[in-house]
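Following: one structure in structure tokens, then a few remarks.
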Amino acid sequence: MIGADTPITTGQYLLVYNMLSLTIAGMAAAGLFFLFARSFVSNKYHLALYFSTLVCWIATYHYYRIFLSWKDAYVVGTGADAGKYLPSGTLFNDAYRYADWLLTVPLLLAELVLVLALARAVTNNLLFKLITAAILMLVLGYPGEISTDNATRWLWGTLSTIPFVYILYVLWVELTKAIDRQPERVKLLTRNMRLLLLFSWGFYPMAYLLPTLGLGDAIGIVGLQVGYSLADLLAKPVFGFLLYAIAREKTLADNPKFDEERIAGAARA
Ligand SMILES: *C/C=C(C)/C=C/C=C(C)/C=C/C1=C(C)CCCC1(C)C
């Protein structure tokens, strides 16, 4: 939904404003954390953590732009419209989200596959399938996103759901296979990651459909922004933390002396 074309209450305006602001802070801080956290995992997981940082910082930038665009799209109402925020006439640019997802979704998929630490040929094959499907999902979702016509939104939404289900299916099967090969602690974390993935990615199509449910334009616009922001916080920082925890457990399972060696190494340097 491009364009804020309906008056909203002050509470609704501030809800989105604060949610976007919180998301900027969360993404920026998480990106920094993943950068430093690499010292606590073995070398083979460093790339996955760099990808987590990239994902969070790309999102920080886009959320900052969405935040500014939200501010520009409304003006405070006066007179009979006091207590409301009215469309300013400036376009609210939601295309930032799709630009963001085109970059961050492939990186998130890469991050996940890297942490599984599979054989190289398997990794490449998986990444090719997943990233192709992800791009298809986003390209098919966009025409529906910018449409205010319910039938158009449902049509493109349904088409976009086909590659979406394929991605979840492939990840579910691969993660389930991976779980069998892991030490006990890692098993539990990998199971949680599988659930978080399903839960957070499943949030996006729900937020997308909200404007078509006849709850009113204001609820549609506000719900969409809050829903996508929550989903992004789960799918990027929270997901990144779980991946870090898995990489850390696997590092210690491979080498129980990892921390002693790390500290000794630091003392020598
Ligand atoms: C960090 C951003 C992430 C993980 C974005 C994920 C986005 C989706 C899973 C979007 C899915 C959609 C559908 C399944 C149908 C309707 C259109 C979309 C693009 C919202």
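The values are calculated or read from the model by the stated rules, or taken from the named source; none is laboratory data. Please read these numbers as outputs of a predicted model, since none were measured by experiment. Cβ: placed from backbone, ideal geometry, glycine included. Neighbour counts: every protein chain shown. Keep in mind that these areas ignore ligands, DNA and RNA; they rest on the heavy atoms of the full protein, side chains included. Shrake-Rupley method; radii C 1.70, N 1.55, O 1.52, S 1.80 Å.
Some values worked out for this structure:
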{"quantity": "Criterion (surrounded by fewer than 16 Cβ atoms within 10 Å (Cβ to Cβ) and either modelled with pLDDT under 95 or touching a Gly at 6+ places or on another chain (Cβ under 9 Å) (or both)) met by exactly one of T53, T6", "calculated": "T6"}
{"quantity": "Some residue of region 164-180 being exposed (fewer than 15 other Cβ atoms within 10 Å of the Cβ), aliphatic (A, V, I, L, M) and away from the ligand (no atom under 12 Å from the Cβ)", "calculated": "yes"}
{"quantity": "Qualifying residue in region 109-117 (condition: under 18 Å from T158 (Cβ atoms), of a type outside the set (K, R), within 13 Å of the ligand (Cβ to nearest atom) and in contact with a helix residue (DSSP H, G or I) (Cβ under 6 Å, 6 or more places away or on another chain))", "calculated": "no"}
{"quantity": "Some residue of region 219-232 being away from the ligand (no atom under 12 Å from the Cβ), of a type outside the set (G, A, S) and open to solvent by 70 Å² or more (accessible area, probe 1.4 Å)", "calculated": "yes"}
{"quantity": "Some residue of region 33-40 being at pLDDT below 95, in a helix (DSSP H, G or I) and not aliphatic (A, V, I, L, M)", "calculated": "yes"}
{"quantity": "Number of the condition not met by T161 [criteria: (1) within 12 Å of the ligand (Cβ to nearest atom); (2) crowded, with 20+ Cβ neighbours inside 10 Å; (3) among the β-branched types (V, I, T)]", "calculated": "(2)"}
{"quantity": "Qualifying positions in region 76-89 - closer than 21 Å to V226 by Cβ and surrounded by 14 or more Cβ atoms within 10 Å (Cβ to Cβ)", "calculated": "K84, Y85, L86, P87, S88"}
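To keep it simple, each residue is scored yes or no on (1) in contact with an Asp or Glu (Cβ under 6 Å, 6 or more places away or on another chain); (2) in contact (Cβ under 8 Å) with a residue 12 or more places away in the chain; (3) not in a helix (DSSP H, G or I).
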position: F67; (1), (2), (3): no, yes, no
position: A80; (1), (2), (3): no, no, no
position: L86; (1), (2), (3): no, yes, yes
position: F92; (1), (2), (3): no, yes, yes
position: Y98; (1), (2), (3): no, yes, no
position: V105; (1), (2), (3): no, yes, no
position: L114; (1), (2), (3): no, yes, no
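Each row is one residue, and each column tells you yes or no for (1) surrounded by fewer than 21 Cβ atoms within 10 Å (Cβ to Cβ); (2) closer than 22 Å to L175 by Cβ.
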position	(1), (2)
W101	no, yes
T104	no, yes
L118	yes, yes
L136	yes, yes
L140	yes, no
P143	yes, no
D149	yes, no
W156	yes, no
